[in-house]
Amino acid sequence: MASFCVKCGASLAEGQSFCMSCGMRRSEPAAAEPAKRFCTGCGSELTGSSSFCTKCGTRAAFNPPSPTVDPAAPQVLTASPQAAAVQAAPLPAAPIPPPKKSGFVFKLIITVVILFVLAGLVLAGGLMYVGYVAKKRVSAVQQAYKHDDLAGMLAAASGQENKRQPLPSWKPAPAELASAPTSKIPLRKSLRTINTGSDPLRGDFESIYVVDSVTDEAVHIKASQQFPSGDNFDRLLGGNSNKENKPRTIQCGRIVFRVDMENANDTDGYFCREGRDEKRPGTTAMGLSKKEFIALKTAGQLETVFHEDPLRAVLKSFKNAMASGSDSASSDAASQDLLKKMMNFAPGGAGGLSQQDMDTPPIKYTVYRQGNSDLAFPVLVNDQPVELPVIDLLCKHPDGQEGHVYVLDDVDNPMFLAAASATLGREQVTKIYWDVDKPNPLADELEKTGRAKVYDLYFDFRSEQLRPESDKVLKEIAQVMRDHPDWKLSVEGNTDNIGGDAYNLDLSKRRAASVKTALVSQYDVASDRLSTTGFGRSHPVDTNDTIEGRARNRRVELARQ
């Protein structure tokens, strides 16, 4: 194909490099510049030979450039009409290759998208569940509020289910048990009872009641009650139930008059309040009156008066104050009643309130004896396991609630030994002690068998801290060591099965060490005469399925070395 000089227009032969007329070098067609590439995702220009867009990460697609003509090189030949039509038609773009699904980046993007979708579903489901739980709790609180059930309100508000508790399944007592000498519990100075149990309001607790004075006119009882922290009150108020806090304690006293122990028909729903030494004429506290007991034994039922628990009385008073309406007189009266009932909880006294103001509302109950025979109640008496004859009494509240009270079958001392309700749980006496006029029983057991179980040591809840009520038995152990200067003892701690194995093992060791520390520091026992160890829950002496069984498993044992 002929071409011409770009300077003078002379014809150039095939293969001629220079113009023969002017010497101009033959012009070669300019090399085509590489086509620019653009991202198909965001439209940004792609640089270099990069396979991905640096802005959005989309894989780059390559479009081959259309042929270009150097504008400075005039064309000699004109193409045929068919060829011109072909050149004028735009070239179809090359298809964009799909991204390779086996690539790492692709897999990463897909994984992230799936995780975001799943997280969104979980969040939506979680919000729906939280809303459902909140609605359920509010409904449960409202139902408990309607029935003046403070325990149910606290359980519902703290997210716990107020499950029905099984009643005790104690076996029938043999007929001769009621008249056996071992079934008599003397009402005397030094009598002490240890009550253990659980209810939805207070959680696990242990209370110690000691008769420290008995006269012809009255009996005085000192109470030391302890409630673990982290119960439903703490949860309701936002407290951390897992935090190790010291247990709450109530120290108070109660005077019960002899005339009321004979003839009273009223019983209190509480024993005493913090810091008070209370007198409640006309009521009993630790048991039935003799008059009530005889009526139940002969007629099988009784109409009695039970003074309401102060917490429930406050709840009712609060509801009255809220419902008093716009009438100023009724509103003021309801507010004053609520204030009086709240002041009943003030430690040390009620700010000048009269005895009548301090009373909680009386409620008439109907009490029915269940069956004609006694039940055999398991308990430790002076560290020995025995069975006491008890009468099962069904108590019916006017609003339909029911509970059972178990009373010692003894007309001279019809003391309460247990109380149980399907909704409120159970509280029962697990240990009974009184001073006996005989040689130290610890010395006798260690002399005969080389080992003695000690239950009259008391520790703070979930702690190795000894309570003051332990001083009596600590003195007895110290006396044994003084009387037998050649003895060496191992102090062994044991627990029940509540809690993990590792925790119980550590707790049992700490409690044994605490006993040794007290004997060495307070009673001058030589440290090298005492060693300590702990076995946790691994050495039970009774079942852990009952309150009384767990109480027997929580113990300290002494072993001669």
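The values are calculated or read from the model by the stated rules, or taken from the named source; none is laboratory data. What you see is a predicted model, and the numbers here were worked out from it, not measured in a lab. Neighbour counts run over all protein chains shown; Cβ positions are idealised from the backbone, glycine included.
Looking across Val454, Val405, Val429, Val436, one residue alone is without any contact (Cβ under 8 Å) to a residue 60 or more places away in the chain and within 27 Å of Thr249 (Cα to Cα). It is Val405. Applying the criterion of being outside any helix (DSSP H, G or I) and in contact (Cβ under 8 Å) with a residue 60 or more places away in the chain to the residues of region 468-489, the residue that is surrounded by the most Cβ atoms within 10 Å (Cβ to Cβ) is Leu489.
From the list Thr430, Thr449, Thr495, the lone residue that is exposed (fewer than 14 other Cβ atoms within 10 Å of the Cβ) and either β-branched (Val, Ile, Thr) or in contact with a Ser or Thr (Cβ under 8 Å, 6 or more places away or on another chain) (or both) is Thr449. When restricted to residues that are over 22 Å from Asn553 (Cα atoms), touching a helix residue (DSSP H, G or I) at 6+ places or on another chain (Cβ under 9 Å) and either modelled with pLDDT under 95 or among the hydroxyl-bearing types (Ser, Thr, Tyr) (or both), region 414-434 contains 2.
Considering the conditions (1) crowded, with 17+ Cβ neighbours inside 10 Å; (2) under 26 Å from Ser514 (Cα atoms), Ala419 is excluded by exactly one of them, (2). When restricted to residues that are closer than 22 Å to Thr366 by Cα and small (Gly, Ala, Ser), region 376-396 contains 0.
Whenever a residue of region 278-290 is closer than 14 Å to Phe306 by Cβ and free of Cβ contacts under 8 Å to residues at least 12 places away in the same chain, it has no partner that is outside any loop (DSSP other than H, G, I, E, B) and among the basic types (Lys, Arg) lying with C-beta atoms less than 8 angstrom away and at least six residues away or across chains. Among the conditions (1) part of a strand (DSSP E or B); (2) within 21 Å of Phe227 (Cβ to Cβ); (3) not small (Gly, Ala, Ser), the only one that Phe461 does not satisfy is (1). Here is a check on your reading of the model: is Ala559 in contact (Cβ under 8 Å) with a residue 40 or more places away in the chain and over 29 Å from the mean Cα position of the chain (by Cα)? Yes: the conditions hold for Ala559.
Inside region 459-486, can you point out the residues that are polar (S, T, N, Q), over 14 Å from Leu519 (Cβ atoms) and in contact with a strand residue (DSSP E or B) (Cβ under 9 Å, 6 or more places away or on another chain)? Result: Gln465, single match. Does Glu206 count as at pLDDT 95 or above and either out of contact with any strand residue (DSSP E or B) (no Cβ under 8 Å at 6 or more places or on another chain) or assigned by TED's automatic domain parsing to the domain that holds Asp374 (or both)? So Glu206 does not fit the description; no. When region 359-382 is filtered for residues that are modelled with pLDDT of 90 or more and in a loop (DSSP other than H, G, I, E, B), the ones remaining, listed by number, are Gln370, Gly371, Asn372, Ser373, Asp374, Asn382. All conditions but one from (1) of a type in the set (A, V, I, L, M); (2) within 26 Å of the chain's Cα centre (by Cα); (3) farther than 25 Å from Phe205 by Cβ apply to Ala526; the one that does not is (2).
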